[in-house]
Amino acid sequence: MPDVGAGLVLVGLPGSGKTTVGRMVLRLTQATGGTITVDGRDVATFGRSDLHAYYGSVQGIFQDPFSSYNPVFKVDRVLGMIRANYLPGLSDTEWKRKVRDALEAVSLEQADVLGKYPHQLSGGQLQRLLIARALLLDLRFLVADEIISMLDASTRIDVLNLLGDLKSRGLGVLFVTHDLALGNYISDRTVILRRGRVVEMGSTPKVFAGPAHPYTRMLLGSVPQLSAKWAADGVSPETVDEAPDGPLRPIDDDHFVAA
């Protein structure tokens, strides 16, 4: 889990295990090995009451915003479920203020989204509403799994800027993506996954400035640049497939790579 106010990005091609890690953090998938701890406690040991409290501080947002809503209910119901499950003692006045503040935090106007059905809103609005829903809680960590991949380019940067702003206010963000450029934009630390294994990890500037594993170099070499054409660096998926992935060894105190 990332520290409060920090961003950790999981990067890898489809099938590398990124989403599985996010689902394990959210206890949607049971880990078969290792542990995921919060405040020194293994989340796999949480009972029902512990999970209720856990989800009060750890929430997830996923790739397809449209699949997160029941089309026959207005979006108010998505927010109302938070009140029913976590804030039942809140007065109507306090609840309205909390909803207003959460919507303002994600740059949404109440008149534009409340009372609307999901099909009446854009993907960007729906994704922002899911973030606002999480902010109604006393949130500490957010698992953001490919949350901008289905959005248009202009909306993507808005959502990324929003995550960056929330991170600066103290929210820990686990950002799952196949796009290294986006990971670089939002994260403090980077973990590169390949075939379910960590092949490189460290502070984001170090991983991007000096990628040590062939797989990481291949991913970086795949990032398009507008200012110049890419020159072949001799690294391809074929050569990466031949590279062994062993235990991590340190390059320095804050950068590790598979041996």
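The values are calculated or read from the model by the stated rules, or taken from the named source; none is laboratory data. The shown structure was predicted, so the numbers you read here are calculated from the model rather than taken from an experiment. Positions of Cβ are backbone-derived with ideal geometry, glycine not excepted, and every protein chain shown enters the neighbour counts.
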Problem set entry | Verdict on residue 205 being surrounded by fewer than 18 Cβ atoms within 10 Å (Cβ to Cβ) and not in a strand (DSSP E or B) | yes
For this session: Tell me, please, whether a residue that is touching a Leu at 6+ places or on another chain (Cβ under 9 Å), closer than 16 Å to residue 61 by Cβ and at pLDDT below 80 can be found in segment 168-182.
Result: yes
For this session: Among what's in segment 47-69 and is out of contact with any Lys or Arg (no Cβ under 7 Å at 6 or more places or on another chain) and assigned to a loop (DSSP other than H, G, I, E, B), pick the residue that is surrounded by the fewest Cβ atoms within 10 Å (Cβ to Cβ).
Result: 47
For this session: Could you list, in sequence order, all residues of segment 71-81 that are farther than 25 Å from residue 25 by Cβ and either out of contact with any Leu (no Cβ under 7 Å at 6 or more places or on another chain) or outside any helix (DSSP H, G or I) (or both)?
Result: 71, 72, 73, 74, 75, 77, 80
Exercise. Yes or no: residue 25 under 19 Å from the mean Cα position of the chain (by Cα), surrounded by 13 or more Cβ atoms within 10 Å (Cβ to Cβ) and under 17 Å from residue 134 (Cα atoms)?
Worked result: yes
Exercise. Are there any pairs, at least 6 apart or on different chains, whose C-beta atoms fall under 7 Å, with the first in segment 169-192 and within 9 Å of residue 9 (Cβ to Cβ) and the second in a helix (DSSP H, G or I) and basic (Lys, Arg), and if so, which?
Worked result: 173/167; 176/18
Exercise. Do we find that residue 99 is without any contact (Cβ under 8 Å) to a residue 40 or more places away in the chain and more than 14 Å from the chain's Cα centre (by Cα) in this structure?
Worked result: yes
Exercise. Only one residue in 72, 43, 25, 58 is under 30 Å from residue 214 (Cβ atoms), at pLDDT 90 or above, of a type outside the set (Ser, Thr, Tyr) and not assigned by TED's automatic domain parsing to the domain that holds residue 222. Which one?
Worked result: 25
Exercise. Restricting to segment 122-174, what's the tally of residues that are of a type outside the set (A, V, I, L, M, F, W, C), in contact with a Pro (Cβ under 7 Å, 6 or more places away or on another chain) and either under 23 Å from residue 39 (Cα atoms) or crowded, with 21+ Cβ neighbours inside 10 Å (or both)?
Worked result: 2
Problem set entry | Long-range neighbours under 7 Å by Cβ, at least six apart or interchain, first residue more than 20 Å from residue 175 (Cβ to Cβ) within segment 26-53, second of a type in the set (Asp, Glu) | 35/42
Seminar exercise, completed: Filtering segment 82-101 down to residues that are of a type in the set (S, T, N, Q) and in a loop (DSSP other than H, G, I, E, B) yields 91
Problem set entry | Residue list for segment 77-111, restricted to those being surrounded by 12 or more Cβ atoms within 10 Å (Cβ to Cβ) and farther than 13 Å from residue 136 by Cα | 77, 107, 108, 110
For this session: Any residue in segment 58-78 that's in contact (Cβ under 8 Å) with a residue 12 or more places away in the chain: show its pairings with residues that are crowded, with 19+ Cβ neighbours inside 10 Å and of a type in the set (Asp, Glu) at Cβ separation under 8 Å, as long as the two are six or more apart or on different chains.
Result: 60/145; 61/145; 62/145; 62/146; 63/145; 63/146
